[in-house]
Amino acid sequence: MFLFPEFGRIVIVGLMIVIPVCLIYRKAGFHPAWGLLVFLPGFGLLLIFLQLALLPWPNRREHS
């Protein structure tokens with residue numbers, strides 16, 4: 001009975017992190033489901049930063 005309010009807080013904080021990350025992935029041209037990497041304990045956020053920093057973005061415009 002006392003765990004439900006704590007579980008609700010966890011869900012709200014999780015959504016506050018996942019939704020912006022998914023929007024960033026969509027604007028970068030990647031599939032938004034990559035934002036679920038946030039939930040990997042320990043190094044999920046590190047993987048997101050490395051992927052966004054080192055991979056070429058699909059929606060990047062080529063200058064001619």
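Structure summary
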{"read-out": "Residue ID - most open to solvent (accessible area, probe 1.4 Å), chosen from residues in region 46-62 that are closer than 16 Å to Ile17 by Cα and in contact with a helix residue (DSSP H, G or I) (Cβ under 6 Å, 6 or more places away or on another chain)", "value": "Leu47"}
{"read-out": "Matching option when the condition is assigned to a helix (DSSP H, G or I) and over 10 Å from the mean Cα position of the chain (by Cα), among Arg61, Arg9", "value": "Arg9"}
{"read-out": "Yes/no for Gly42 being on the phi > 0 side of the Ramachandran plot, open to solvent by 80 Å² or more (accessible area, probe 1.4 Å) and under 15 Å from the mean Cα position of the chain (by Cα)", "value": "yes"}
{"read-out": "Subset of region 26-36 (residues that are in contact (Cβ under 8 Å) with a residue 12 or more places away in the chain and in a helix (DSSP H, G or I))", "value": "Lys27, Ala28, Trp34, Gly35, Leu36"}
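The values are calculated or read from the model by the stated rules, or taken from the named source; none is laboratory data. Quick caveat: nothing in here was measured; it's all calculated off a predicted structure. Reconstructed Cβ throughout: ideal geometry from the backbone, glycine too, with neighbour counts over all protein chains shown. Ligands, DNA and RNA are excluded from the accessible area calculation, which covers all protein heavy atoms including side chains. Shrake-Rupley method; radii C 1.70, N 1.55, O 1.52, S 1.80 Å.
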